[in-house]
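Since every read-out is calculated from the coordinates, none of them should be taken as a lab result. In this text, all values refer to a predicted model and were calculated from it rather than measured experimentally. Every residue, glycine as well, gets a Cβ built from its backbone with ideal geometry; the counts of neighbours run over all protein chains shown.
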Amino acid sequence: MASLENRQFKLITRPVGMVKRSDFEFATSPAGEPGPGEALVRVLYLSLDPAMRGWMNAGRSYVAPVGIGDVMRAGGLGRVVASNDPALAVGDTVVGMTGVQDYAILKAKDLTKVDPRLAPLPRFLGALGMPGLTAYFGLLDIGKPKEGETVVVSAAAGAVGAVTGQIARVKGCRVVGIAGGPDKCRYVVDELGFDAAVDYKNEDVRAALSRLCPKGIDVYFDNVGGEILDIALSMLTYQARVIICGAISQYNHPEAIQGPRNYLSLLVNHALMEGFVVFHYAARYAEGVQALAGWMLAGKLKAREDIFKGLETFPDTLQKLFRGENFGKLILQVADE
Ligand code: NAP
């Protein structure tokens, strides 16, 4: 195993603004041997997530920042090529925090086996993985949507937003998505079954939401922050719930985050605004995956992945998230299945 070459992206500087190739070193070293209780995993697919931008910043967060000189943190799916733990066998398909590299050595207890017969492998990093679980727990645990309520979701065509809107439809809600561009808006309505969509790049969001949500917004699932959050806050109903899942419009300038101006709408409407991190729900992941898989089997949950090839393209491919150039869950394919 020591002879296997492992290409790795290491963070060498804390990015300012948009992440760049020069923030990383792309180097090769031997893959190494797994120790007791560990497995060596051939990474096949990497999950590229908006949160990765935050992990590169110094300072306190829900996880420690990626250290300077360390392999860039990333979720991934791969195949076990050597194991020193009875829980994993060579050939098992697993997901875990593999990092941006060809091979990862991880503790077996930090890897989750998936059944490759159940779905195309990239889906375990999307609707049946972390983003799907984020939608499930954020919407249902915090949003508590009730039948007939109006749910608004931003970044609606993305990995989390697409699942969120579809779960809200399963719960009998009227669902309005916000997305960038006519293709994504058509997709969420025609393919995913949202009731309506607002193209925030080409429409007046306030006017469109007023028209599409005449009674106001009961649940707002926020993935973007900034101006769109402020508009949604100004349209809340009595006892509305605002879920702070993410704020992608703000991630590239953490020193100057635009906070909500219209927060007094929470007071006036006895409304709730609550943030969360999906990892908090780790003990309940099995419940979430079972529900998501059930809806998928029943044809009520559709998913789409946007797959780019080549580990070497990592910094450029990651940028796509912040330009809205991904259409579905953004995935980097590192090796052939
Ligand atoms: P995604 O939605 O698949 O991709 C990101 C999308 O954000 C882009 O495609 C783009 O879509 C939109 N976007 C980018 N810049 C924007 C801007 N300035 N204003 C408005 N929209 C912008 O990504 P994802 O993985 O599903 O993540 C969505 C959100 O959920 C992120 O904020 C992420 O941090 C958050 N998240 C939170 C948790 C948690 O535990 N709380 C877990 C996972 C993800 P358009 O083309 O429509 O603009």
Applied in sequence order to the stretch 177-186, the curve 6.51 cos²θ - 1.76 cosθ + 1.60 (Karplus, θ = phi - 60°) yields integer Hz couplings, x standing for Gly and Pro, of x, 10, 8, x, x, x, 5, 5, 5, 4
Any chance you could give the angle, 0 to 90 degrees and rounded to 10, that helix 314-323 forms with the longest Cα principal axis of the chain?
-> 0 degrees
If amide H atoms are modeled at 1.01 Å from N in the peptide plane, then the residues at a separation of 5 or more from Asn6, or on another chain, having amide H under 5 Å from its own are Ser29, Ala31
Give the relative contact order (percent, whole number) for the chain; include only Cα pairs under 8 Å separated by 6+ residues.
-> 17 percent
What is the projected area of the convex hull of the Cα atoms of the chain, averaged over all directions, in nm²?
-> 16.5 nm²
Positive dipole terminus of the stretch 134-183, leading residue within Gly158, Leu140, Val176 (C-beta point charges) | Leu140
Could you give the radius of gyration (one decimal) and Dmax (whole number) of the Cα atoms in the stretch 1-91, in Å?
-> 15.0, 45
Peptides 262-274, 292-304 ordered by average Cβ neighbours within 10 Å, highest first | 292-304, 262-274
Given charges at Cβ of Lys, Arg, Asp, Glu: the stretch 223-337 dipole, positive-most of Tyr251, Gly310, Val277 | Val277
Arrange the peptides 321-330, 139-148 so that the one whose residues have, on average, the most other Cβ atoms within 10 Å appears first.
-> 321-330, 139-148
Please express the Cα-Cα pair-distance distribution P(r) of the stretch 59-156 as a list of whole percents, one per 10 Å bin, running from 0 to the bin with the greatest distance.
-> 12, 34, 31, 17, 5, 0
Using the Karplus equation 6.51 cos²θ - 1.76 cosθ + 1.60 (θ = phi - 60°), what ³J(HN,Hα) coupling, rounded to whole Hz, does each residue of the stretch 154-162 give in order, writing x for Gly and Pro?
-> 9, 6, 5, 8, x, 4, 6, x, 5
